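Q: Quick one: this structure, given as structure tokens, is what I'll be asking you about.
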Amino acid sequence: MLDENRLAVLNCVCDTIVPSLPRESDPTGFWSRSAADTGADQAVAQTIGEMPALDQAGMAELLDGLAMQNFTALSQASREQILTNMSLANRQAAIGVGALTQLTLFFHYGLPPNPAWEQFGFPGPTSPPPDVEKSIHPLSPADGEALEADVVVVGSGAGGGVIAARLAEAGLRVIVLEAGGYFNEADFDQTELNGFARMYWRGGPTYTADYNVSLQAGSCLGGGTVINWTNCLKPKPWVRQEWADEYGLEDVNTPDFDRHVDSVWERIKVNDQCSELNQTQKTWIDTAEQLGWSWHKTDRNWDPEKHDPRVAGLMGWGDQSGAKQSTLKTYLEDAVANGAEIIVGCQAERVLVENGRAAGVEAITESGRVTIRAPRVVVAGGALESPALLLRSGIGGPAVGKHLRLHPCTLIFASYADDQEAWWGPPHAAVVDQFDQGLENDGYGFLIEGAQYTTGLGGSAIPFTTAEQHREVMAGYANGSITINLTRERGGGQVLIDGDGRSLPLYSLDDPRDIANVHFGLEQQVRLHHAAGANQIYALATGMPGWRVGDDLEAFVDRVHRIPLRAGGAKLFSAHQMGTCRMGSDPETSVADPRGELHDTPEVWIGDGSAFPTPSGTNPMITIMSLASRTAEKILEQADATRTAGQQTEAAA
């Protein structure tokens, strides 16, 4: 697809995004270094070669269009203008140019070991991966093999891991299917590119099908708990009440549910002893206090005896120290200790149904097809994959895939006078919860939090206007501070499946109340950084709207409120996906009943964040795990009832 002519144009595009820009003072070579110098152009070409055929064809068409304009022979300014013009031509051209731009920046600043790290003051990985033996030994079924179990759990993350452990502990034969691979400390090289490629859904940040939101989700044994930022927040009282009053989860709003929350809290060793504030978080937390805003230090599932703040700063690519108490280190080990079996690299294709009831799962592994026969199936593949599995299986009812909630996040990048050392320490050591009730004081508000330090993703997230302006911002990256506003939204999106049965998420932020809340969140982030003494403040949105010392702050705030919250406007991110197989009393508007069992297919249970009736409004791990503990209990209660009924029938006979 990329012949010699197209490669020449592609290389020129990459060097247009990141050209050599000589400066009189350039001690680290930061300004003079082009995309070709770091190998970013080769990495982009390789990535295009690995794209689906349709996307490759689109890229080829784009490169051919540039060639027709004699792109490689033009000046830097003319090439930048042509890329801008093409972005304005139509939506597909804008997507193509945007993809080439972001990929170039991602690889230029992310390929390890990266020469730009010296400019950023980023030391990179702390050490080589340690030699740690894997404690779990997955099954490797042969092509066509059929296995039997009492329950098959699809997914091994926050929900699936807990349910597998609880059911195995009760004596059930459990088989866990995980689509991703099995990685532990020996695999965690602390680099961004390998972390994304190995342990994230579809290899890293992936846009919704409408390109409105960039999604990040875990895809490995242990799921998102292996790569998340360990922010442990208990489900809020107003959320519990809403789920009980409006969706029928009555026990969730009673002290009995606290039992599940507390057991999870204890098992994953949640504590507040490992939440040191790095300089960037200290800057805005000190200011929040001065403004009278409510905030708190985070509780984290992190072993204090193994804690190292430098290692904690790289936890998004896996934790070398073994301090992170993910399901991989806790519940999955518990499950295996009680006889559970695990298959990794195993994509569940469909749920088997016989006589209207669960009968097992058909799946694909590297070796071929495998069938797991089981009278109970727990669907816990996450809110992006669980609905796709149900849709492929033709079960779940009319609400499957609907009500996708993402906690959409917008970002502010602020630059200060001094190095913020944002790479040091846990990304989430504090949360500003001043605005969690929202503009209407109804619990639909937002949290202000920090973000994992990245150079590749960070460089590609900063909007490109011109090569020189983008390089100017990146030259001061060491002094940068990024905040997000995590919004609890009322509206939502949907997960469909494409012609190949693959998950196809769509999401548009169009509820007027959500739009008002997100813009208000952007404003409060701006005011927070302004009060903290930032020299420059940027909204991460097309055109890179910015403020500098001496500019009119209120004019900038007004501009922020006019940023469209979609593709072509603000960059929206999501690390929390929820609601696509939600629980509720009404089979028309929910997939599972208030216990977690499908309305239309007995003994198929939902065991992950897709079960949330509405978004949690908090980092959802603890809520997912607590609901999963509750669901496991419901499964066992039903199993006991079924067993008792069978015994009574036998006795009567």
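Q: May I ask you to list pairs of residues, at least six apart or on different chains, whose Cβ atoms are under 8 Å apart, with the first in the stretch 347-360 being over 15 Å from L389 (Cα atoms) and the second being open to solvent by 60 Å² or more (accessible area, probe 1.4 Å) and part of a loop (DSSP other than H, G, I, E, B)?
A: Filtered contacts from the stretch 347-360: R357/P375.
Q: Mind checking whether some residue in the stretch 39-49 is over 23 Å from G456 (Cβ atoms), free of Cβ contacts under 8 Å to residues at least 60 places away in the same chain and surrounded by fewer than 14 Cβ atoms within 10 Å (Cβ to Cβ)?
A: Looking through the stretch 39-49, none of the residues is over 23 Å from G456 (Cβ atoms), free of Cβ contacts under 8 Å to residues at least 60 places away in the same chain and surrounded by fewer than 14 Cβ atoms within 10 Å (Cβ to Cβ).
Q: Can you find even one residue in the stretch 222-237 that is in contact with a Ser or Thr (Cβ under 7 Å, 6 or more places away or on another chain), assigned to a loop (DSSP other than H, G, I, E, B) and within 22 Å of E385 (Cβ to Cβ)?
A: Checking the stretch 222-237: at least one residue is in contact with a Ser or Thr (Cβ under 7 Å, 6 or more places away or on another chain), assigned to a loop (DSSP other than H, G, I, E, B) and within 22 Å of E385 (Cβ to Cβ).
Yes or no, residue by residue, for (1) farther than 30 Å from R502 by Cβ; (2) open to solvent by 50 Å² or more (accessible area, probe 1.4 Å); (3) part of a helix (DSSP H, G or I):
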| residue | (1), (2), (3) |
| --- | --- |
| V239 | yes, no, yes |
| Q273 | yes, yes, no |
| W284 | yes, no, yes |
| G322 | yes, no, no |
| T327 | no, no, no |
| E333 | yes, yes, yes |
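Q: Can you find a residue in the stretch 560-576 that is over 26 Å from Y477 (Cα atoms) and surrounded by 16 or more Cβ atoms within 10 Å (Cβ to Cβ)?
A: Yes: one or more hits.
Q: Looking at (1) open to solvent by 40 Å² or more (accessible area, probe 1.4 Å); (2) under 24 Å from the mean Cα position of the chain (by Cα); (3) over 25 Å from D436 (Cβ atoms), which is the only condition P304 fails?
A: (2)
Q: Here's a follow-up. Starting from the stretch 505-517, keep only residues that are in a helix (DSSP H, G or I), then list their pairs with residues that are open to solvent by less than 50 Å² (accessible area, probe 1.4 Å) and aliphatic (A, V, I, L, M) whose Cβ atoms are within a distance under 8 Å, requiring at least 6 positions of separation or different chains.
A: I515/L509; I515/L565
Q: Within the stretch 370-475, considering only helices (runs of 4 or more DSSP H) that don't extend past its boundaries, which have at least 1 residues that are at pLDDT below 95, buried (at least 24 other Cβ atoms within 10 Å of the Cβ) and of a type in the set (S, T, Y)? Steps first, please.
A: Working: elements: 386-393, 456-461, 467-475.
Where helices (runs of 4 or more DSSP H) fall fully within the stretch 370-475, none carries at least 1 residues being at pLDDT below 95, buried (at least 24 other Cβ atoms within 10 Å of the Cβ) and of a type in the set (S, T, Y).
Q: If you don't mind, there's one more thing I want to ask. Could you list, in sequence order, the residues of the stretch 612-635 that are in a helix (DSSP H, G or I), closer than 19 Å to E250 by Cβ and touching a residue at least 60 places away in the same chain (Cβ under 8 Å)?
A: If the condition is that a residue be in a helix (DSSP H, G or I), closer than 19 Å to E250 by Cβ and touching a residue at least 60 places away in the same chain (Cβ under 8 Å), then T623, S626, L627, A628, S629, R630, T631, A632, E633, I635 are the ones that fit.
Q: Hey, any hits in the stretch 250-258 for a residue that's buried (at least 20 other Cβ atoms within 10 Å of the Cβ) and under 16 Å from the mean Cα position of the chain (by Cα)?
A: No, the stretch 250-258 contains no residue that is buried (at least 20 other Cβ atoms within 10 Å of the Cβ) and under 16 Å from the mean Cα position of the chain (by Cα).
Q: Of the residues in the stretch 536-550, how many are open to solvent by 60 Å² or more (accessible area, probe 1.4 Å) and either part of a strand (DSSP E or B) or not hydroxyl-bearing (S, T, Y) (or both)?
A: 3
Q: In addition: Which one of the conditions (1) out of contact with any His (no Cβ under 8 Å at 6 or more places or on another chain); (2) closer than 28 Å to T298 by Cα; (3) among the hydroxyl-bearing types (S, T, Y) does Y247 fail to meet, given that it meets all the rest?
A: The number of the failed condition is (2).
Q: Then there is this: Restricting to the stretch 543-563, what's the tally of residues that are in contact (Cβ under 8 Å) with a residue 12 or more places away in the chain and out of contact with any Pro (no Cβ under 6 Å at 6 or more places or on another chain)?
A: Selection size over the stretch 543-563: 11.
Q: Which ones in the stretch 197-216 are buried (at least 19 other Cβ atoms within 10 Å of the Cβ), part of a helix (DSSP H, G or I) and touching a helix residue (DSSP H, G or I) at 6+ places or on another chain (Cβ under 6 Å)?
A: Residue satisfying the conditions is M199 alone.
Q: For the stretch 479-507, what are the residues that are within 13 Å of T208 (Cα to Cα) and among the aliphatic types (A, V, I, L, M)?
A: Scanning the stretch 479-507 gives V495, L496, I497, L504, L506.
Q: Right, something else. Can you confirm whether G491 is in a loop (DSSP other than H, G, I, E, B), open to solvent by 10 Å² or more (accessible area, probe 1.4 Å), small (G, A, S) and in contact with a strand residue (DSSP E or B) (Cβ under 9 Å, 6 or more places away or on another chain)? Even if it seems obvious, please write down each step before you answer.
A: Numbers: in a loop (DSSP other than H, G, I, E, B): yes; open to solvent by 10 Å² or more (accessible area, probe 1.4 Å): yes; small (G, A, S): yes; in contact with a strand residue (DSSP E or B) (Cβ under 9 Å, 6 or more places away or on another chain): yes.
So G491 passes the test.
Q: Quick check on the stretch 555-593: of everything there that is part of a strand (DSSP E or B) and in contact with a Phe, Trp or Tyr (Cβ under 9 Å, 6 or more places away or on another chain), which residue is farthest from S393 (Cα to Cα)?
A: Result: L572.
Q: Right, another one. Please go through the stretch 618-627 and pick out each residue that is in contact with a strand residue (DSSP E or B) (Cβ under 8 Å, 6 or more places away or on another chain) and open to solvent by 10 Å² or more (accessible area, probe 1.4 Å).
A: Within the stretch 618-627, the subset in contact with a strand residue (DSSP E or B) (Cβ under 8 Å, 6 or more places away or on another chain) is 618-622.
Listed by number, the residues that qualify are N619, P620, M621.
Q: If a residue must be polar (S, T, N, Q) and outside any loop (DSSP other than H, G, I, E, B), how many such residues does the stretch 335-364 contain?
A: 1
The values are calculated or read from the model by the stated rules, or taken from the named source; none is laboratory data. Predicted, not measured: the structure shown is a model, and the values here were computed from it. No Cβ is skipped: glycine too gets one built from the backbone with ideal geometry, and neighbour counts run over all protein chains shown. Side chains included, ligands, DNA and RNA excluded: accessible areas come from the protein's heavy atoms. Shrake-Rupley method; radii C 1.70, N 1.55, O 1.52, S 1.80 Å.
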